[in-house]
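Participant: Structure incoming, see below.
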Amino acid sequence: MYKIKSPLVSGKVIEIAPKIYGAVIKDPYDRAMLFCRYQEFYESPFKKIRGKYFTLFEFMRLYKTERGSKVFNYPWDWSGYNIPSNVLKKAHDLFYKETEYDVVMNDIYFYCAIDSQNKNAGTSTNWYLIGADDFKSQTMDHEIAHGLYFTNKKYKKSCDALISEIKKKDYNLMKKSLIKMGYADDDKIICDEIQAILSTGLYPSFDTKEIRKYTKSFSNNFASFR
């Protein structure tokens with residue numbers, strides 16, 4: 001376990017499943033401010049942000065403007081975060097210690113990278129970082145589903161098979177809803193989000209008779225890997 005030591009962020013990081021590291025940070029603002037720059041580098045719907053260099057303040061202003069808000073509501077809009085290690089490395093190299101939050105993420109990154117390497121006979125391996133409020137929360141299960149989709153080939157294959165059985169109109173309905181919520185219009189990201197939602201709990205906008213019928217097969221599949 002790694003204890004986060006910062007005046008800005010309080011929490012801990014632990015490997016909660018093989019190659020999946022969970023950062024448990026109870027304060028929603030602290031959690032969001034630590035993760036947002038890296039999360040948006042990974043899967044932002046904004047083309048000028050995703051996969052590119054940007055400052056934290058540039059993102060805050062863009063997010064506020066694009067969402068039509070008077071304030072930066074990101075910490076209230078999002079509660080869980082998930083980033084593959086290969087993406088986190090790219091973001092880490094770009095944002096290296098620019099802000100106090102980057103300093104904290106730098107320490108987390110190296111802890112997870114070294115720990116995963118030590119547990120893999122000294123060989124570097126891909127891993128996954130997730131952020132949530134508590135080890136036993138629904139948010140944590142949702143983020144673990146994302147982690148499994150990246151780190152466990154059998155889990156991903158089983159989820160992809162289940163997604164292929166979703167009726168086209170229902171898939172498009174979920175995709176449209178996710179894009180409206182703020183997810184990128186990218187089917188890889190959409191599929192990952194759909195499996196996590198159907199596996200661990202529906203969002204209110206998804207809780208319809210048409211979508212609910214898919215949850216049992218996904219949740220049973222998740223339980224068999226969880």
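The values are calculated or read from the model by the stated rules, or taken from the named source; none is laboratory data. Owing to the predicted nature of the structure, the values given are computational and were not obtained by experimental measurement. No Cβ is skipped: glycine too gets one built from the backbone with ideal geometry, and neighbour counts run over all protein chains shown.
Participant: Looking at residue 21, is it surrounded by fewer than 18 Cβ atoms within 10 Å (Cβ to Cβ), at pLDDT 95 or above and among the aromatic types (Phe, Trp, Tyr)?
Facilitator: Values: surrounded by fewer than 18 Cβ atoms within 10 Å (Cβ to Cβ): no; at pLDDT 95 or above: yes; among the aromatic types (Phe, Trp, Tyr): yes.
Criteria not met by residue 21.
Participant: When residues of segment 67-109 are filtered for being of a type in the set (Val, Ile, Thr), touching a strand residue (DSSP E or B) at 6+ places or on another chain (Cβ under 6 Å) and either under 13 Å from residue 41 (Cβ atoms) or outside the structural domain of residue 134 (by TED's automatic domain parsing) (or both), how many remain?
Facilitator: Number of matching residues: 1.
Participant: Still on this model: For segment 209-220, what are the residues that are touching a residue at least 24 places away in the same chain (Cβ under 8 Å) and surrounded by fewer than 20 Cβ atoms within 10 Å (Cβ to Cβ)?
Facilitator: From segment 209-220, those touching a residue at least 24 places away in the same chain (Cβ under 8 Å) are 210-211, 214, 217-218; that's our starting set.
Within segment 209-220, 210, 217 meet the criteria.
Participant: What is the number of the single condition among (1) within 18 Å of residue 197 (Cβ to Cβ); (2) buried (at least 18 other Cβ atoms within 10 Å of the Cβ); (3) at pLDDT 95 or above that residue 160 does not meet?
Facilitator: Condition (2) is where residue 160 drops out.
Participant: Then there is this: Could you please give the count of residues in segment 163-180 that are assigned to a helix (DSSP H, G or I) and either small (Gly, Ala, Ser) or loosely packed, with under 14 Cβ neighbours inside 10 Å (or both)?
Facilitator: Initial filter on segment 163-180 (assigned to a helix (DSSP H, G or I)): 163-164, 168-180.
Then drop every residue that is not either small (Gly, Ala, Ser) or loosely packed, with under 14 Cβ neighbours inside 10 Å (or both), which leaves 164, 168-169, 172, 176-177, 180.
Residues meeting the conditions: 7.
Participant: How about segment 87-108: which of its residues are without any contact (Cβ under 8 Å) to a residue 24 or more places away in the chain and either part of a loop (DSSP other than H, G, I, E, B) or in contact with a His (Cβ under 7 Å, 6 or more places away or on another chain) (or both)?
Facilitator: Those that are without any contact (Cβ under 8 Å) to a residue 24 or more places away in the chain and either part of a loop (DSSP other than H, G, I, E, B) or in contact with a His (Cβ under 7 Å, 6 or more places away or on another chain) (or both): 96, 97, 106.
Participant: Given the conditions (1) crowded, with 17+ Cβ neighbours inside 10 Å; (2) in a loop (DSSP other than H, G, I, E, B); (3) without any contact (Cβ under 8 Å) to a residue 60 or more places away in the chain, and given that residue 183 satisfies all but one, which numbered condition is not satisfied?
Facilitator: Among (1) crowded, with 17+ Cβ neighbours inside 10 Å; (2) in a loop (DSSP other than H, G, I, E, B); (3) without any contact (Cβ under 8 Å) to a residue 60 or more places away in the chain, the lone unmet condition for residue 183 is (3).
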